[in-house]
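What follows is a short report on a single structure.
The values are calculated or read from the model by the stated rules, or taken from the named source; none is laboratory data. These numbers were taken from a predicted model, which means no experiment stands behind them. We place every Cβ from the backbone using ideal geometry, glycine too, and count neighbours over all the protein chains shown.
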Amino acid sequence: MAKNSKAVVLLSGGMDSCVCAALAVRDHEVAAVHVSYGQRTEERERRAFLAICDRLGIQKRLITRNEALRAIGGSALTDLNIRVPEAHMIGREIPITYVPFRNAHFLSVAVSWAEVLDASQVYIGAVEQDSSGYPDCRPAYYAAFNELIRQGTKEGNIEVVTPLIAMRKSQIVRLGLELNAPLDLTWSCYQGETEACGVCDSCQLRLRAFEEAGSRDPIPYAVR
């Protein structure tokens, strides 16, 4: 694909979004958007976003803040009165770390900016395999959102793409290493900001992925 094509990438600062951004940079002229929403690790994720953009050479950046998700609550990520569970405590139901309908908020910002920038694609690092089971990470969700874009934008020609959605986490690590994605700058922990806790679901998924990929996670952990 021609490098002069434009894409917007949603970049949280986590591992999946970083690999997604590296893929986008390989093929497009990229603008990166970061949405803070009052999550526990808000400042740490913002720093990761900026550092990843610097390393990947992404100059066009947009940082926004969503006040609604913190006000709505209902998630351990946005409500400090709800404890972040350790991975072994999570059963088969959707965990309390799910932020209700979060990705729709993120995508709305990214699609709006893509329309202004005349970008044809919006990249998001959603993963269905090896994930926490969040409903807004399912392929059907993005198929529906793309229909919404076709009906609700001026030209109807922006597409949300999810290149990692069917991949295992270990495959994402391997791809990141192949792309020389700055995995050392990423942050995935739900609660730690100096050291990753190592016990939340996100940390456990990430640590397992690096182990299965035959590599060592480069970020600091309180517990490995």
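How many of the residues in region 93-119 are modelled with pLDDT under 95 and assigned to a helix (DSSP H, G or I)?
The total comes to 0.
Suppose the filter is surrounded by fewer than 22 Cβ atoms within 10 Å (Cβ to Cβ), out of contact with any helix residue (DSSP H, G or I) (no Cβ under 7 Å at 6 or more places or on another chain) and either under 22 Å from Glu45 (Cβ atoms) or without any contact (Cβ under 8 Å) to a residue 40 or more places away in the chain (or both); does Gln129 pass it?
no
Among the candidates Ile172, Ile158, which residue alone is in contact with a Leu (Cβ under 7 Å, 6 or more places away or on another chain), crowded, with 22+ Cβ neighbours inside 10 Å and hydrophobic (A, V, I, L, M, F, W, C)?
Ile172
Exactly one condition in (1) touching a residue at least 40 places away in the same chain (Cβ under 8 Å); (2) farther than 19 Å from Ser188 by Cα; (3) not acidic (Asp, Glu) is false for Gly57; which is it?
Going through (1) touching a residue at least 40 places away in the same chain (Cβ under 8 Å); (2) farther than 19 Å from Ser188 by Cα; (3) not acidic (Asp, Glu) one by one, Gly57 breaks only (1).
Of a type outside the set (S, T, N, Q), in contact with a Phe, Trp or Tyr (Cβ under 9 Å, 6 or more places away or on another chain) and under 15 Å from Val35 (Cα atoms): does that describe Ala104?
yes
Would you please list the contacts, defined by Cβ atoms under 8 Å and residues six or more apart or on different chains, that run from a residue in region 90-104 that is of a type in the set (Phe, Trp, Tyr) to a residue that is outside any loop (DSSP other than H, G, I, E, B) and surrounded by 12 or more Cβ atoms within 10 Å (Cβ to Cβ)?
Once the first residue is of a type in the set (Phe, Trp, Tyr) and sits in region 90-104, its partners that are outside any loop (DSSP other than H, G, I, E, B) and surrounded by 12 or more Cβ atoms within 10 Å (Cβ to Cβ) give Tyr98/Pro135; Phe101/Asp136.
In region 197-206, what residues are of a type in the set (Gly, Ala, Ser) and touching a Lys or Arg at 6+ places or on another chain (Cβ under 8 Å)?
Across region 197-206, the qualifying residue is only Gly198.
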